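Working notes, structure below.
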Amino acid sequence: GYISEALDHAPSVVIFDDLDSLISSSSNPEVQQQSLYSVGLTQFLLDIMDEYEEKQGRMCGIGPIAFIATAQSLTNVPQTLSSSGRFDCHVKLPAPAAAERAALLKHEFQKRHLECHDDVISDIASKCDGYDAYDIEILVDRSVHTAVGRFLSSDLGSKEQVKPTLVRDDFLH
């Protein structure tokens, strides 16, 4: 489906997100069904990539397709996928530093038209070591859910529109 569509609209990029969470190279007998799934999925991906290479080699007009995969770790990605002209170029992206996490938090607040004091942002950013942009987005979403009741009860008597402000307790909860 998607690969055929990518071929039809080439040049294209096909992204396999969180590949290592889909594929586990575990040989533990208790997870035999997971292992069979992993082997089947690995073979499926190998077949797709090999078929594309074959089609590109024998047919004119097949545009380039870039295959990209994201993974938390290469440990659970089979060697057959992480080498041999498949996913053989690896780029390690470090987790954002505290200042970058603070910038991500500010961006999430702006996106949602929320306010948060800079000292709270700095404090929360320093406590989120290892969080990436997605984790920060989830944290803000959950903090907003925590604060909804407080927003509603404090704004009932107010007639003017104010931007909701998140406080430290919203994040800690």
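Output the residues belonging to segment 107-121 that are open to solvent by 50 Å² or more (accessible area, probe 1.4 Å) and either within 9 Å of residue 140 (Cβ to Cβ) or under 19 Å from the mean Cα position of the chain (by Cα) (or both). Working first, answer last.
Applying the first criterion (open to solvent by 50 Å² or more (accessible area, probe 1.4 Å)) to segment 107-121 yields 107, 110-113, 115, 117-119.
Hits for segment 107-121 are 107, 111, 112.
Sort out which residues of segment 71-130 are among the aliphatic types (A, V, I, L, M), touching a residue at least 40 places away in the same chain (Cβ under 8 Å) and part of a helix (DSSP H, G or I), and write them in order of number. So that I can check it myself, show each step before the final result.
Our first condition is that a residue be among the aliphatic types (A, V, I, L, M); within segment 71-130, this holds for 71, 74, 77, 81, 91, 93, 95, 97-99, 102-105, 114, 120-121, 124-125.
Now restrict to residues that are touching a residue at least 40 places away in the same chain (Cβ under 8 Å): 71, 74, 77, 81, 114, 120, 124.
Answer for segment 71-130, where residues must be among the aliphatic types (A, V, I, L, M), touching a residue at least 40 places away in the same chain (Cβ under 8 Å) and part of a helix (DSSP H, G or I): 120, 124.
Test each condition in (1) within 30 Å of residue 18 (Cα to Cα); (2) exposed (fewer than 11 other Cβ atoms within 10 Å of the Cβ); (3) at pLDDT 90 or above for residue 130 and report the one that comes out false.
(3)
In segment 51-76, what residues are under 25 Å from residue 92 (Cα atoms), open to solvent by less than 90 Å² (accessible area, probe 1.4 Å) and either modelled with pLDDT under 80 or not aliphatic (A, V, I, L, M) (or both)?
Within segment 51-76, 64, 67, 70, 73, 76 meet the criteria.
The values are calculated or read from the model by the stated rules, or taken from the named source; none is laboratory data. Keep in mind it's a predicted model, so treat the numbers as computed, not measured. With ideal geometry, Cβ positions are generated from the backbone for all residues, glycine too; neighbour counts draw on all protein chains shown. Only protein heavy atoms, including side chains, enter the accessible area calculation; ligands, DNA and RNA are left aside. Shrake-Rupley method; radii C 1.70, N 1.55, O 1.52, S 1.80 Å.
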